[in-house]
Amino acid sequence: KYGKHGEDSRNEFDEQSLAWFYGNMFKERRKELKMTQKEVAEKLGRDQSYIARVERGKADIQLSSFFRIASILGIQFIPSFVQM
């Protein structure tokens, strides 16, 4: 349905799936902390609409912003690098 591994359509689907997964994770953690999107945005120095797009998986988020949002929400990521 989404294409074979390595095809453009499959790669796009995989990227969108990951964006949705991490955005949803951020949203759930923000709710656990009883924070609003606006509060997270203010700490990040961005608009509330940006946080809304991140949570929906619709923002092309930079790695630095990803780690800053995670930090604001008390999430620590430890990168692991694997050769493909």
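The number of residues in region 39-52 being open to solvent by 30 Å² or more (accessible area, probe 1.4 Å) and either assigned to a helix (DSSP H, G or I) or under 18 Å from residue 76 (Cα atoms) (or both) comes to 5. In region 1-14, the residues that are free of Cβ contacts under 8 Å to residues at least 40 places away in the same chain reach residues that are of a type in the set (D, E, K, R) and open to solvent by less than 100 Å² (accessible area, probe 1.4 Å) with C-beta atoms within less than 7 angstrom, at least six apart or across chains, in these pairs: 2/10; 3/10; 4/10. Among the residues of this structure, residue 55 counts as one that is surrounded by 12 or more Cβ atoms within 10 Å (Cβ to Cβ), charged (D, E, K, R) and either touching a residue at least 24 places away in the same chain (Cβ under 8 Å) or not in a helix (DSSP H, G or I) (or both).
Residues that are open to solvent by less than 100 Å² (accessible area, probe 1.4 Å), part of a helix (DSSP H, G or I) and over 15 Å from residue 70 (Cβ atoms) within region 10-38 comprise 10, 11, 13, 14, 17, 37, listed in sequence order.
The values are calculated or read from the model by the stated rules, or taken from the named source; none is laboratory data. Quick caveat: nothing in here was measured; it's all calculated off a predicted structure. Don't worry about glycine lacking a Cβ; one is built from the backbone with ideal geometry, like all the others, and counts go over all protein chains shown. Surface accessibility is based on the protein's heavy atoms, side chains included, excluding ligands, DNA and RNA. Shrake-Rupley method; radii C 1.70, N 1.55, O 1.52, S 1.80 Å.
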